[in-house]
Amino acid sequence: MKRVVPDYPANKDELEVITLKDGDRIVGATELRTGEEDLVFITSDAQLLRYQASQVRPQGRPAGGMAGIKLTAGADVISFTAVDPAADAVVFTVAGSTGTLDSSAGTSAKLTPFDQYPRKGRATGGVRCQRFLKGEDVLILAWAGTTPARAAQKTGAPVELPAPTPAATARALRSRSRSTWWRARRARPRQAPPPSAARTAGRPTCCARRGRPAGRSARRRRAPCAVRPRRCRSRSGRAG
């Protein structure tokens, strides 16, 4: 990827903005309006990488750019966009199979809020954006941008998109149930502790000279308590 400062010469109709190596191709190009946008990469193996555009320094027009995302073996970048993090944005992905003749057969679509995906560092692998179902092994279409998101078939007929499905819906429901139980438990009124006489009634006592309950130290005794020998010991052999 490459970030270019718009210093195009006015006397040329065409100019080179990036040097491509053998086998390279342009996946996408976008304009940064404020410079605070997030750059979004989506790969064919359902990985999404998002990071701030400020992590990419501007380069001259003949330069070849820098690494944008780390790809696994056999994966390609199928979408590159710039999204304003303050805007209401979504991520739309369509999964299919590489073995079918018609890419529209047996596909599943997913629409996810953009803020569900965390930022990562430049040239990393990103996070998973869609789980493949049975028979699916590749993303055939992906896009990230501001709402509203619209789609159409090959014939031009509009397609109704699914409702947004946050990636952490199941985890949120589980954590919500646990937090609800914990809040209900903490909201229970605490009972007042019983008086000291009722608290010691019916319990074996040690240090009978002072009538202390089991578990207290006996200052005037050298021998440990017979009821709770590990927790009731004489602190000193001298008289208190």
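Bear in mind that the values in this text are calculations on the coordinates, not laboratory data. Model, not experiment: these values are computed from the prediction. Virtual Cβ from ideal backbone geometry, glycine too; neighbours counted across all protein chains shown.
If you keep only loop residues by DSSP, which trypsin sites (Lys or Arg not before Pro) in the range 112-144 have at most 14 other Cβ atoms within 10 Å of their Cβ?
Here the sparse-neighbourhood loop sites are Arg119, Arg131, Lys134.
Sort Phe132, Phe92 so the one with the fewest other Cβ atoms within 10 Å of its own Cβ comes first.
Result, fewest neighbours first: Phe132, Phe92.
Can you flag which of Lys2/Lys134; Lys12/Lys120; Lys70/Lys110 are past 28 Å Cα-Cα?
Where the Cα-Cα span goes over 28 Å, the pairs concerned are Lys2/Lys134; Lys12/Lys120.
Calculate the FRET efficiency for Ile26 and Gln55 from the Cβ-Cβ distance with a Förster distance of 22 Å, rounded to the nearest 0.05.
0.60
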